[in-house]
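Colleague: Just passing along the structure, written as structure tokens.
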Amino acid sequence: VRMSQVYPSLYHQGIMGNAAPGARYHSEVFDDSKIDMEIIYPVDKSVKDSVAINEDVTVVPCELPAEEVASIIHKGNYETLPASYSAIGQWIEANQYEMAGPVRELYLTAPDDPEGPITEIQFPVKKA
């Protein structure tokens, strides 16, 4: 299922997001045919019940852990994201940090925004 299907389905079921949506990627290598990820759709803490998107997909509410992150704001289309990933990876290494969990992307604007999408990339980090 695509994120573009999940967000409208939640909205139509009366569940409104209250901050930037995103994704948390558990796969170390991005492969469009097989991605291990969690969809981030921030909602009020009162949302406690799972929501069926279709017969194969159910959204389960959870709380993301508070973490120290290294982040970068990427302005531009998704095809140019690798340059920002490279820049933040270099910063992490140069500042004696190491990655400490799955990367997150927060989508600060819509992908079809006339000025282009803005994505915040976050790597949980700890001192090496």
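The values are calculated or read from the model by the stated rules, or taken from the named source; none is laboratory data. The shown structure was predicted, so the numbers you read here are calculated from the model rather than taken from an experiment. Every residue, glycine as well, gets a Cβ built from its backbone with ideal geometry; the counts of neighbours run over all protein chains shown. We work out accessible area using only protein heavy atoms, side chains counted, and drop any ligands, DNA or RNA first. Shrake-Rupley method; radii C 1.70, N 1.55, O 1.52, S 1.80 Å.
Colleague: By accessible area of protein heavy atoms, probe 1.4 Å, what ranking do Thr80, Thr119 get, highest first?
Modeller: I get Thr80, Thr119, largest accessible area first.
Colleague: Next up: If you place +1 on the Cβ of every Lys and Arg, -1 on the Cβ of every Asp and Glu, and leave all else neutral, what size is the dipole of the chain about its Cα centre, to the nearest 20 Debye?
Modeller: 280 debye
Colleague: Accessible area per residue, 1.4 Å probe, Å², for the chain: what's the number?
Modeller: In whole numbers, the chain has 67 Å² accessible per residue.
Colleague: Let me ask something else. What's the carbon and sulfur percent of the chain's accessible surface, probe 1.4 angstrom, rounded to a whole number?
Modeller: Working: 4390 of 8580 Å².
Whole-percent figure for carbon plus sulfur exposure: 51.
Colleague: Just report the Cα centroid separation between segment 70-128 and segment 32-66, whole Å.
Modeller: So the two Cα centres are separated by 21 Å.
Colleague: Please list, by residue number, every one of the GluC sites (Glu not before Pro) in segment 18-76 that is coil in DSSP and has at most 15 other beta-carbon atoms within 10 Å. Walk me through the numbers before you get to the answer.
Modeller: Numbers: sites: Glu28, Glu38, Glu55, Glu63, Glu67, Glu68; in loops: Glu28, Glu55, Glu63, Glu67, Glu68.
The qualifying sites are Glu28, Glu55, Glu63, Glu67, Glu68.
Colleague: Further, regarding this structure: Would you mind calculating the gained length between Ser46 and Glu98 on full extension (0.36 nm times residue separation, minus the Cα-Cα distance), in nm to one decimal?
Modeller: Contour length minus the Cα-Cα distance gives 15.3 nm.
Colleague: Shifting gears a bit: Quick check: the angle from helix 3-12's long axis to the longest principal axis of the chain, C-alpha only, nearest 10 degrees?
Modeller: 40 degrees
Colleague: Could you give the length gained on full extension between Ile53 and Tyr25, defined as 0.36 nm per residue of separation minus the Cα-Cα distance, in nm?
Modeller: Value of the extension gain: 8.1 nm.
Colleague: With everything on Cα atoms, drop me the angle between helix 81-94 and the longest principal axis of the chain, reported from 0 to 90° to the nearest 10.
Modeller: Tilt relative to the chain: about 50 degrees.
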